[in-house]
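Each remark here refers to the structure printed beneath this line.
The values are calculated or read from the model by the stated rules, or taken from the named source; none is laboratory data. No experiment lies behind these values; they were computed from the predicted model shown. So basically every Cβ, Gly included, is an ideal-geometry build from the backbone, and we count neighbours across all protein chains shown.
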Amino acid sequence: MASTTEAMTQAARPPDATQAVIQALVRRAREAQQRYATYSQEALDEVVAAAGWAIMEPARNRELAETAVRDTGLGKVADKIDKNHRKTLGLLRDLRGAASTGVINEYPERGLVEIARPVGVVAAVVPSTNPGATPANNIINALKCGNAIILSPSPKGYSTCAKLLEFIHTELDRVGAPRDLVQMLPQPVTKALSQALMREADLVVVTGSQANVRAGYSSGTPALGVGAGNVAVIVDDSADCESAAAKIMRSKVFDNATSCSSENSVIIHDEVYQRTISALTREGGALLTADEKAALQAAMFPDGKLSSAVTAQSVERICELAGLGRPELRHARCLMVEEAGAGPDYPFSGEKLSPVLTVYRARDFDHAFEIMRSIYDYMGDGHSCGIHTSDALHVERLGHEMTVCRVIVNQAHAIANGGSFDNGLPFSLSMGCGTWGGNSFSENLNYRHFMNVTRIVRPIPPNEPSVEEVFGDYWQKHGIKH
């Protein structure tokens with residue numbers, strides 16, 4: 001539902017005025033992009049470096065992080081500085097040497113030549129949880145492939161996006177690239193304005209609420225939207241429990257769990273349950289009593305839905321909201337609640353976007369698999385899951401049977417899932433969830449999603465099989481006469 005201010009703004013700005021605003025932005029973007037489309041690979045890569053330095057320069061990075069926490073009320077300054085730096089550095093590593101214009105592949109034996117071409121003008125809807133790192137990621141990927149981009153930030157994240165664009169424009173000036181390659185919607189950003197932008201763009205990229213993702217897919221413009229997160233991880237009886245606990249806690253509390261890849265539930269085998277709980281406690285977790293859990297549930301899930309009042313807040317603040325006075329809780333890094341079921345009647349089985357971890361106890365791996373399956377049947381299908389184990393068969397089963405696009409093995413999930421320097425995933429803040437999550441793609445969003453590919457097709461010697469070659473084995477197996 002639109003806020004009162006937004007509703008008034010929408011009423012004050014008639015449809016024709018909204019359309020005029022968008023058409024002016026898109027016209028400027030197209031003019032800049034037509035010039036930019038002629039850039040060589042070397043020139044594109046210089047612009048990419050410029051955009052990367054705009055967010056990674058330490059003083060700017062700190063200012064962006066401080067602005068984000070101050071104006072959104074979400075997360076931690078130190079963690080946002082780390083995220084802005086690490087995610088951007090990793091993305092720039094991925095893009096080094098990557099061909100994104102002109103001929104990118106030649107297959108003489110197939111008579112094919114592949115040529116990278118821009119998609120045009122990208123509309124990027126970005127969330128308040130990562131108002132610096134996510135738009136920077138989208139901007140850099142779009143620029144890598146010769147595109148212009150227009151951001152639609154959340155109201156809370158507007159000031160951070162505006163500051164980021166100020167820094168990027170300074171760097172674009174330095175390298176002589178058009179400022180209009182990177183623009184954003186004017187304040188206040190309304191639903192009508194964002195939807196009009198999506199209709200006028202050539203590609204829509206949406207990271208954030210499922211309402212925004214659905215709007216992107218229904219805009220009539222090709223769209224890349226992400227699914228809901230609700231990560232569950234298994235700690236089986238072969239795991240290094242202490243290592244698992246350290247990684248889970250590091251990931252869970254990072255930036256007060258703003259990441260969709262943060263662990264929401266941990267499913268622990270009975271044989272190592274107490275050992276893992278003890279290890280999690282040593283890492284700063286605090287297990288709630290039944291009464292404390294009930295009080296926390298009432299505060300976090302009024303009317304059964306997650307309250308925005310707890311999103312990305314500190315444990316101390318959440319304890320205040322829930323009336324939890326036990327000192328061990330207020331000084332903890334993470335609150336832990338034991339649960340036995342999943343679904344609407346068990347709200348702790350869903351995504352919590354806060355330093356609150358749900359703990360399940362499983363008899364064995366089959367039972368752990370069943371619990372995980374029930375969690376994803378409720379929320380988070382398609383996104384990702386994790387496991388701490390030494391058993392390769394357990395990993396393989398998750399990969400072959402769990403309806404997720406990523407299985408993270410023996411790693412801090414939120415750190416690893418969006419790409420890490422010690423795994424092979426592309427650095428990204430937007431994770432495709434495939435058809436399981438209602439998405440059109442199942443990869444980490446990366447630069448290849450921001451390009452078109454033209455194929456030159458030349459004739460080659462014919463390669464036509466006979467009917468007998470194709471059906472011979474089938475005929476013989478089934479006794480078919482021909």
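Data for the structure
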item: Out of CYS260, CYS241, sole residue that is more than 23 Å from GLY418 (Cα to Cα), assigned by TED's automatic domain parsing to the domain that holds ALA342 and either among the hydrophobic types (A, V, I, L, M, F, W, C) or in contact with a Leu (Cβ under 7 Å, 6 or more places away or on another chain) (or both); result: CYS241
item: Any helices (runs of 4 or more DSSP H) falling wholly within the stretch 272-366 and containing at least 2 residues that are more than 30 Å from ASP391 (Cα to Cα) and either at pLDDT 95 or above or within 29 Å of the chain's Cα centre (by Cα) (or both); result: 290-300, 315-322
item: Any hit, the stretch 417-434, residues being in contact (Cβ under 8 Å) with a residue 24 or more places away in the chain and in a helix (DSSP H, G or I); result: no
item: In the stretch 192-214, the residues that are out of contact with any Gly (no Cβ under 6 Å at 6 or more places or on another chain) and assigned to a strand (DSSP E or B); result: LEU203, VAL205
item: Cross-chain or 6+ apart pairs with Cβ under 9 Å, the stretch 230-243 first and surrounded by fewer than 24 Cβ atoms within 10 Å (Cβ to Cβ), then modelled with pLDDT of 95 or more and among the basic types (Lys, Arg); result: CYS241/ARG275; GLU242/ARG275; GLU242/ARG282
item: One residue from THR435, THR454 being surrounded by fewer than 16 Cβ atoms within 10 Å (Cβ to Cβ), within 13 Å of GLY227 (Cβ to Cβ) and not small (Gly, Ala, Ser); result: THR435
item: Exclusive hit being closer than 13 Å to PHE450 by Cα and either loosely packed, with under 13 Cβ neighbours inside 10 Å or touching a residue at least 40 places away in the same chain (Cβ under 8 Å) (or both), set GLY120, GLY102; result: GLY120
item: Filtered residues of the stretch 439-463 (kept if more than 16 Å from ALA142 (Cβ to Cβ), charged (D, E, K, R) and under 22 Å from the mean Cα position of the chain (by Cα)); result: GLU443
item: Filtered residues of the stretch 435-482 (kept if outside any strand (DSSP E or B), among the hydrophobic types (A, V, I, L, M, F, W, C) and more than 25 Å from VAL213 (Cα to Cα)); result: ILE460, VAL467, VAL470, PHE471, TRP475, ILE480
item: Tally, over the stretch 367-389, of residues that are of a type outside the set (Gly, Ala, Ser) and in a strand (DSSP E or B); result: 3
item: Residues (out of contact with any His (no Cβ under 9 Å at 6 or more places or on another chain) and farther than 24 Å from GLU106 by Cβ) located in the stretch 435-463; result: THR435, GLY438, ASN439, SER440, SER442, ASN444, LEU445
item: Test for GLY157: is it crowded, with 24+ Cβ neighbours inside 10 Å and at negative phi; result: yes
item: Long-range neighbours under 6 Å by Cβ, at least six apart or interchain, first residue without any contact (Cβ under 8 Å) to a residue 24 or more places away in the chain within the stretch 396-416, second buried (at least 19 other Cβ atoms within 10 Å of the Cβ) and in a helix (DSSP H, G or I); result: VAL407/LEU398
item: Hits in the stretch 399-414 - residues which are crowded, with 22+ Cβ neighbours inside 10 Å and part of a helix (DSSP H, G or I); result: HIS413, ALA414
item: PRO426 over 26 Å from ASN130 (Cα atoms) and surrounded by fewer than 21 Cβ atoms within 10 Å (Cβ to Cβ); result: no
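Every residue, every condition in (1) farther than 17 Å from ALA24 by Cβ; (2) at pLDDT 95 or above; (3) outside any helix (DSSP H, G or I); (4) not β-branched (Val, Ile, Thr), yes or no:
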position: ASP173; (1), (2), (3), (4): yes, yes, no, yes
position: ASP180; (1), (2), (3), (4): no, yes, no, yes
position: GLY216; (1), (2), (3), (4): yes, no, no, yes
position: ASP237; (1), (2), (3), (4): yes, yes, yes, yes
position: LYS247; (1), (2), (3), (4): yes, yes, no, yes
position: VAL253; (1), (2), (3), (4): yes, yes, no, no
